[in-house]
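First up is the structure itself, then whatever we jot down about it.
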Amino acid sequence: MTVKSADRVISILDHLKDYPNGLSLKEIAAQLALPQSSTFQLLQTMQKRHFLTVAEGKVYKLGPKLVQIGTRALETLDVYADARPFLRELMEKVEETVFMAMMIEEELVYVAKFDNYRSIRTTAQIGMRKPLYCTGLGKAFLAFMPEPVSDHLLSNMKLEPITSKTLTDPQALKEQFAGFREQGFAIDDEENEVGLYCLAAPIYNAAGEMVAAISTAGPKTRVLERYEFVSESLLTVSKAISERNGYVL
């Protein structure tokens, strides 16, 4: 059984995550097909509890309480909690940005980011969602998940160019996967952000299921100059995290 008011609150929060500049009461009600009167009451309650804030122009944005809840939620994810010291160590070793991501609702969701003092600026932030086909982390999921699952995901994707190097042909993507599996990591060669080169490796649980992926990302020239060192460091850490989660080769 679904409780209507609770379902509407969840729908509003989930919708507002895609609008960092906020939406007005009228826009929220119209886009979610909700009555304005009851929507206003829900928004007022969420604002009082700090789940929403009201900015200039009477637009509603996600509030600070969600940051606290999101942080606590991350801490309850065993794979994330176990991985944190390994990810920080990897960042310090390779001196590049290190990410961890999971797949939620057929999208990539960043759950950790460790910046180095010389990290390249990147749009990726904790909690952000991105498509699977154009990121190193996403391509790791597509390459290392069971092939039927990967094929199903690809068949339901709209492959749009993000940069001039984004692969938009499903067959071209699939042709990369065998090489990725052989070397143990996937590659994003400026396919999501110009100038950014990313290596990403899978994380497995005790059942042998891929539950996350980790990556190192930096300027293409710098990463390629240290390619063997960076890739070996990444694989060492991905193996250690997987073993920490009970995975045995």
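Laboratory data are not the source of any read-out in this text; all were calculated from the coordinates shown. Source: prediction; values computed, not measured. Methodologically, a virtual Cβ is constructed for each residue, glycine included, from the backbone with ideal geometry; neighbour enumeration extends over all protein chains shown.
Just to confirm a number: summing +1 for Lys and Arg and -1 for Asp and Glu over residues other than C198 whose beta-carbon lies under 11 angstrom from that of C198, what do you get? Local net charge: -4. Multiplying the residue separation of A178 and E190 by 0.36 nm and removing their Cα-Cα distance gives an extension gain of 2.3 nm. Would you list, by chain and number, the lysines whose Cα falls below 30 Å from the Cα of K61, excluding same-chain residues fewer than 8 positions away? Within the straight-line limit of under 30 Å, K61 reaches these lysines: K4, K17, K26, K48, K113, K130, K158.
Residues considered: N21, N192, N116. Largest GNM mean-square fluctuation over the chain, using C-alpha springs under 10 Å, is found at N21. Working note: 222 nm ellipticity from helices only, DSSP H runs with n ≥ 4, each -39,500 (n - 2.57), summed and divided by the residues of the chain, gives -15000 deg cm²/dmol to the nearest 500. List the trypsin sites (Lys or Arg not before Pro) within the range 23-104 that fall in a DSSP loop (any state other than H, G, I, E or B) and whose Cβ has at most 14 other Cβ atoms within 10 Å. For trypsin sites (Lys or Arg not before Pro) across the range 23-104 that sit outside H, G, I, E and B with at most 14 neighbouring Cβ atoms in 10 Å, the list reads R49, K58.
Computed across the range 127-201, the Kirkwood radius stands at 12.2 Å (inverse of mean 1/r, all Cα pairs). Each label was represented as a point 7 Å from its Cα along the Cα-to-Cβ direction; for I10 and K65 these points are 1.7 nm apart. If the chain linking K220 and S38 were pulled fully straight, counting 0.36 nm for each residue of separation and taking away their Cα-Cα distance, it would gain 60.4 nm. Highest mobility in the GNM of the chain, judged by mean-square fluctuation with C-alpha springs under 10 Å and restricted to L52, L196, L132, is found for L52. Here the scattering of the chain is modelled by Debye summation over its C-alpha atoms, one equal scatterer each and no solvent; at q = 0.07, 0.11, 0.13, 0.15 Å⁻¹ the log10 of I(q)/I(0) is -0.28, -0.67, -0.88, -1.07.
Could you tell me whether the range 4-63 comes out rounded, prolate or oblate from its Cα gyration tensor? Rule is a ≥ b ≥ c as square roots of the eigenvalues, rounded for a/c under 1.5, then prolate if a/b exceeds b/c, otherwise oblate.
Working: a/c = 1.35, a/b = 1.21, b/c = 1.12.
Rounded, since a/c falls under 1.5.
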